[in-house]
1. Mind checking which residues of the stretch A:253-274 are small (Gly, Ala, Ser) and crowded, with 24+ Cβ neighbours inside 10 Å?
2. Has the stretch A:321-337 got at least one residue that is crowded, with 19+ Cβ neighbours inside 10 Å, within 14 Å of chain B (Cβ to nearest Cβ) and over 17 Å from the mean Cα position of the chain (by Cα)?
3. Determine which single condition residue A:14 fails, assuming it passes every other condition in (1) over 24 Å from residue A:260 (Cα atoms); (2) within 14 Å of another protein chain (Cβ to nearest Cβ); (3) not aromatic (Phe, Trp, Tyr).
4. What tally of residues in the stretch A:283-293 results from selecting those that are surrounded by fewer than 22 Cβ atoms within 10 Å (Cβ to Cβ) and within 14 Å of chain B (Cβ to nearest Cβ)?
5. Filter the stretch A:91-114 down to the residues that are among the aliphatic types (A, V, I, L, M) and within 21 Å of the chain's Cα centre (by Cα), then identify the one that is nearest to residue A:58 (Cα to Cα).
6. Looking only at the stretch B:33-55, count every residue that is charged (D, E, K, R), in contact with an Asp or Glu (Cβ under 9 Å, 6 or more places away or on another chain) and either in contact (Cβ under 8 Å) with a residue 60 or more places away in the chain or over 11 Å from residue B:11 (Cβ atoms) (or both) and tell me the total.
7. Tell me which residues, restricted to the stretch B:74-91, are within 7 Å of another protein chain (Cβ to nearest Cβ) and outside any strand (DSSP E or B).
8. Which residue out of A:271, A:287 is part of a loop (DSSP other than H, G, I, E, B) and among the small types (Gly, Ala, Ser)?
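The values are calculated or read from the model by the stated rules, or taken from the named source; none is laboratory data. Because the structure is predicted, anything quoted here is derived from the model rather than measured. Cβ: placed from backbone, ideal geometry, glycine included. Neighbour counts: every protein chain shown.
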Amino acid sequence: MSKKQGFMKALKCRECGTEYPLEATHVCEFDFGPLEVAYDYDTIKDSMTKEAIGSRPQNMWRYRELLPVAGEPTVGTKVGYTPLIKADRLAKRLGIRELYIKNDAVNYPTLSFKDRVVSVALSRSVELGFGVVACASTGNLANSVAANAASAGLKSYVLIPHDLEQGKVINSLVYKANVIGIKGHYDDVNKLCAEIAGKFGWAFVNVNMRPYYAEGSKSMGFEIAEQLGWKAPQHTVIPMASGSLLTKVHKSYQELAKIGLIDESEVHIHGAQATGCNPIAAAEKAGLDFFKPVKPNTIAKSLAIGTPADGFYALRVMKETGGHAEDVSDDEIREGIRLLAECEGIFAETAGGVTVGVAKKLIESGKIPADDSAVLCITGNGLKTIDAVDGHVGATREIKPSLREFEALLEAEKKVTA
Amino acid sequence: MPVSVRIPTPLRKLTNDEELVTVEAKTIGDAIAELQTKYPGIQERLVDENGEVRRFVNIYLNEEDIRFLDNKNTEIKDGDEVSIIPAIAGG
């Protein structure tokens, strides 16, 4: 056993509890279970008070005691504390009493929730002495690793499926990252990364650094609870790719209750997937506690993981919290994107369309009661996936710079809407 | 027939640090049994008490997850490559 580092005690297997030193390793040698960071909650309780948090800058590191770095963070120090918007117009459209949008479409610096996990993973990578960082990604993670590595002077390799949206590819290339397109689905990329992680002495943020990386997602839940006035929401709807974000948002509410910052309350955690890649949602709807892998075929490429690493745990969280999963078609995803944009002025990427579409279904079916309050987690920005909505959001009407033509246009419009 | 099997880091203590080993086998199930003969103790790490591949272990035959093939009954041809990979990664 290594000694305690900061507020971290050890890495611990989630299945059998075997402890490991706080190094770059992610899998238990005995049962291949995931390693998680174990914390010293007694010390954290004394240090992480509401007053202390309130006195700190508005970014995710205001909860640093519950984020796994030993010293002060060095990468991504301005990430997080994105807006929590009370979405009254969308609430009305979806038929629910109270609705909030947690808007990570404007997370700093790369416009997705992945900046949260990357700032933790890279800060920890620097602590552990790595000079090269890498990841397997569906796009957003690649953007974030590339940008944050550039700002920290680290060399980066990002591995992505070869057919990603152009916006996501260019958003990695511009930072001079080494971008490698793999001919296959994300699951093929991930398999390759699992094989090469460790081989070259690199910090693979979502492979050998995964125990640290994944904890960064908790900051989204910490912020939601603080922004609601230190309470956990009744319902949280979360998009699922690997299922990791869902499990970590749940963990964030549990931890805040454990250290006394919020009261114990009933929380329901719901998961959202695209019908074209729904291994976790299909299993939840069938009442299974395990999933069957699928071959993805959806416009929600950021969620296109057919073999989700945390699928098992995501199913368990939904079951334990009385939450549900649903999935939506490509057309329903586009409708979700439009709804959020038209009602709240927020342009989300396809994963956001999935979350809104699934929330709509869960409210319609009564699985989220109309009298309750819900938070939707929007995880990425629509400007990165314009290919998915191009041709589905209307078109520009062109006229000459003439008053007559403009009046004619308005006249024609009146007739159409009359 | 001889097939090569890629061994993941957590199991290399059992294979004397060998990353790529060779076994004679006709199916994935055979290959696991053969691995056990050569490297005692490895089988229980890969399959549970009911003989099913463990939850956090993924097995691939030439890049394809065996759950898309015939699971443990998936047939192996001469020169094929089997990879054993921890399921917990990515996302």
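1. Answer for the stretch A:253-274, where residues must be small (Gly, Ala, Ser) and crowded, with 24+ Cβ neighbours inside 10 Å: A:271, A:272, A:274.
2. No; the residues of the stretch A:321-337 include none that is crowded, with 19+ Cβ neighbours inside 10 Å, within 14 Å of chain B (Cβ to nearest Cβ) and over 17 Å from the mean Cα position of the chain (by Cα).
3. (1)
4. 6
5. So, considering only residues that are among the aliphatic types (A, V, I, L, M) and within 21 Å of the chain's Cα centre (by Cα), the one nearest to residue A:58 (Cα to Cα) is A:106.
6. 3
7. Listed by number, the residues that qualify are B:87, B:88, B:89, B:90, B:91.
8. It is A:287.
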